[in-house]
Amino acid sequence: MDITTPSTELTDRLTDMWVDLARDQRSYGSHLLGPENRAVIRETVVQRIVADNLLVARHEGGVVGFVMFTVEHGRYEQDVTPGLVENLYVEPDARRSGIGSALLGAAEERLGADGATVTQLEAMAQNDAARQVY
């Protein structure tokens with residue numbers, strides 16, 4: 001497995017994966033609508049790729065997961081610089097093989113290199129599998 005920065009050629013594939021993520025999260029109580037947000041997330045995917053705030057996991061030649069992240073620069077002064085993991089997704093057939101942990105670790109490493117001193121993320125309370133990864 002390799003974790004790399006994608007090119008914009010993967011925009012449609014990553015958008016599809018995000019829609020799948022949103023669909024999956026609805027079973028845990030999320031109100032986010034996947035297909036209805038396709039255009040917005042497609043734009044976000046491009047922005048994250050260009051800003052170098054998105055990594056993909058490749059296994060056997062195909063993309064099997066992604067993570068989006070950013071360093072937060074809020075309006076409030078803090079004694080830490082938060083890095084935010086916004087989305088983490090691994091294809092169902094590739095789960096429980098360490099890919100999610102590897103993506104999270106790579107995002108934390110990148111956030112640290114970009115100045116973050118802490119990492120924040122959210123998980124649906126009922127999503128035990130995601131909470132185990134984190």
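Just one of the numbered conditions (1) in a loop (DSSP other than H, G, I, E, B); (2) at pLDDT below 95 is not true of Arg23: (1). Checking each residue in segment 55-80 for being at pLDDT below 95 and of a type in the set (Ser, Thr, Tyr) picks out only Tyr76. When we screen Asp79, Asp93 for residues that are closer than 27 Å to Gly115 by Cβ, surrounded by fewer than 11 Cβ atoms within 10 Å (Cβ to Cβ) and of a type outside the set (Phe, Trp, Tyr), the only hit is Asp79. Screening Asp52 with (1) in contact with a helix residue (DSSP H, G or I) (Cβ under 9 Å, 6 or more places away or on another chain); (2) at pLDDT below 95; (3) part of a loop (DSSP other than H, G, I, E, B); (4) within 19 Å of Ala113 (Cβ to Cβ) gives one miss only, at (2).
Tallying residues that are closer than 19 Å to Gly100 by Cα and at pLDDT 95 or above within segment 26-48 yields 2.
Do the conditions hold for Gly29, that is, is it touching a residue at least 40 places away in the same chain (Cβ under 8 Å) and either surrounded by fewer than 19 Cβ atoms within 10 Å (Cβ to Cβ) or more than 16 Å from Ala116 (Cβ to Cβ) (or both)? Give the steps one after another, and end with the answer.
On the way: touching a residue at least 40 places away in the same chain (Cβ under 8 Å): yes; either surrounded by fewer than 19 Cβ atoms within 10 Å (Cβ to Cβ) or more than 16 Å from Ala116 (Cβ to Cβ) (or both): yes.
Judged against the criteria, Gly29 is a match.
The values are calculated or read from the model by the stated rules, or taken from the named source; none is laboratory data. None of these values were measured; they are calculated from a predicted model. A quick note on method: Cβ atoms are made from the backbone with ideal geometry, for glycine too, and the neighbour counts reach across all protein chains shown.
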